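Asker: Here's a structure for you.
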Amino acid sequence: KKNQKEEPPRSIKRKRDKVPLHTATHYSLLTLIREENNTQQRAAATMGAAISSTISLGLTYCACSSASSICNACLGQTSPSTSGRRRSVLLLALSVLLALTFQYSLAPAILGEESGWWNVFRKAGLGRRVFRSWTDGCDGYLSEGGGDDVSKVSGPYAQCAGNAGVYRPTLFSFLFFAVAAVASYFRPSLNREVWPAKYSIYLISVLGSVFMSNHPWFLGIFLNLSRLGAMVFIVIQQIILIDLAYNWNDSWVGKADSADRLEWGSGAKWLRATIAVCAGFYVLTFVGIGLLYHYFSGCGGNTAIITMTLLGIIAMTLLQLSGFEGSLLTSSVISLYVVYLGYSAVSKNPNGLCNPQLAKENDMWGIIIGLFLTALSLAWTGW
């Protein structure tokens, strides 16, 4: 009896040996339903991914096409019938922006105060290299500012470092266009090609200039070269302003003629507007002359510059009115520009008796007017 196995009851054995038919069918149906649901879910996920990918590709194409259209409209195309003039103007504008950033932001940060993390960083390694590069050649200005700690972050010493900051991006923009001019002479298509690489080379060069010493590259060689370039630029800027004023005058006179052809007398408003602009410019011109006499006279050099400016304006206006192809609008524009040049000259006089601007570190009005004229000249040249 002990060796015999106990068998389960007959009813339980039947349940184990045999599964009802309806239960197996139920399980099979559930399995099929689950597989069908999984298949539908996978198909829906695949369809959703395909739709989202199509939408993403469409939006990407629209965005790229729009960006390309905007770049072509603003900067010109690269077809054989175009040139890289607009891209060149944009690089010049970038150079001006970097020069302002270097002068009024980076240079004061490099000089810094005699405390803080920069004071520790600039005493060794790369920080010491940068500090010495930006202050090289400026030590002689410490005696003019008193030689104290305050004069190191303001006064002539700081102005020397800031001016050297301006020379960095402008030197490499000069070198860039010099090399580009020579390369375009031998291969004209380079003027409109590979501009992303050109911008990259320029920006890398400007970044490397941060570690270059002021002397002799910036305060020696390029300083004297930029003085000659400034004189050439003033002449070119006058030509640009004359061309702009002539086109402005021809545009308004042409609109007056077109309006008169449609209805006699309707073009008088354009002629009145031209005369009003001329009168306004001449009023500003003579007010400027009066202010120059009031604030900057008192020494022979300034008085001579202001008087020559006034006589030149009168002679130029009379000469313009004496001809048949004269444009009074052009004369008024150049007269106002000459007053600005006169102000730039007398405001740089080192004699404090006749230069109230000498005590100020930055001539804000001179900077604003100069930037406006530069932007106007570049925009007219490029567009």
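Asker: Contour minus end-to-end for L271 and L203, with contour as 0.36 nm per residue of separation and end-to-end as the Cα-Cα distance?
Answerer: Gain on stretching L271 to L203: 19.7 nm.
Asker: Once you sort the root eigenvalues of the Cα gyration tensor of segment 196-351 as a ≥ b ≥ c, which label holds: rounded (a/c under 1.5), prolate (a/b larger than b/c) or oblate (the other case)?
Answerer: oblate
Asker: Moving to a separate point now. I need the phi-derived Karplus couplings for segment 137-142: 6.51 cos²θ - 1.76 cosθ + 1.60, θ = phi - 60°, integer Hz, Gly and Pro marked x.
Answerer: x, 9, 5, x, 7, 5
Asker: Now a separate question. Averaging sequence separations of C-alpha pairs under 8 Å and six or more residues apart, then dividing by the length of segment 290-372, give the relative contact order as a whole percent.
Answerer: Relative contact order of segment 290-372: 32 percent.
Asker: Could I ask something else about it? Need one word for segment 302-353: rounded, prolate or oblate. Basis is the Cα gyration tensor (sqrt eigenvalues a ≥ b ≥ c); a/c below 1.5 gives rounded, then a/b vs b/c decides.
Answerer: prolate
Asker: Please state the shape class of segment 166-226: rounded when a/c is under 1.5, otherwise prolate if a/b exceeds b/c and oblate if not, all from the C-alpha gyration tensor.
Answerer: oblate
Read-outs throughout are calculated quantities, based only on the coordinates presented, and are distinct from any laboratory measurement. What you are looking at is a predicted structure, and each value in this text was computed from that prediction instead of being measured.
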